[in-house]
Amino acid sequence: DGLRSRQFDSEVVDVFLASVVPYPPGCRVELENGEVGVVVGNPKPGRLTVELRTDANDSSSEAEREIEVELHPDGVAPRMI
């Protein structure tokens, strides 16, 4: 768990992570496969619901589909754009 138990109280870390959303709804993201979309939800810690769009810069563009993305602590994270 990294620094969780060595430098920070584990309970405090858990509460913080449950309270802070790294990708808030409405932010635009680029996934590791190059697709772009808009975050529409955070169903549970470590997961995002993203609407893939033809034009992520245009909030009125129609969503192609909605996907759930799992965030991996050691992997490539979506990039905010």
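Laid out as a table, the results:
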quantity	calculated
Scan of the stretch 33-58 for residues that are part of a strand (DSSP E or B) and either modelled with pLDDT of 90 or more or within 12 Å of VAL69 (Cβ to Cβ) (or both), ordered by number	VAL36, GLY37, VAL38, VAL39, VAL40, GLY41, ARG47, LEU48, THR49, VAL50, GLU51, LEU52
The stretch 1-32, residues that are open to solvent by less than 70 Å² (accessible area, probe 1.4 Å), closer than 17 Å to PRO43 by Cα, at pLDDT 80 or above and part of a loop (DSSP other than H, G, I, E, B)	TYR23, PRO24, GLY26, CYS27
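The values are calculated or read from the model by the stated rules, or taken from the named source; none is laboratory data. Bear in mind the structure is a predicted one, so any value in this text is a computation, not a measurement. We place every Cβ from the backbone using ideal geometry, glycine too, and count neighbours over all the protein chains shown. Surface accessibility is based on the protein's heavy atoms, side chains included, excluding ligands, DNA and RNA. Shrake-Rupley method; radii C 1.70, N 1.55, O 1.52, S 1.80 Å.
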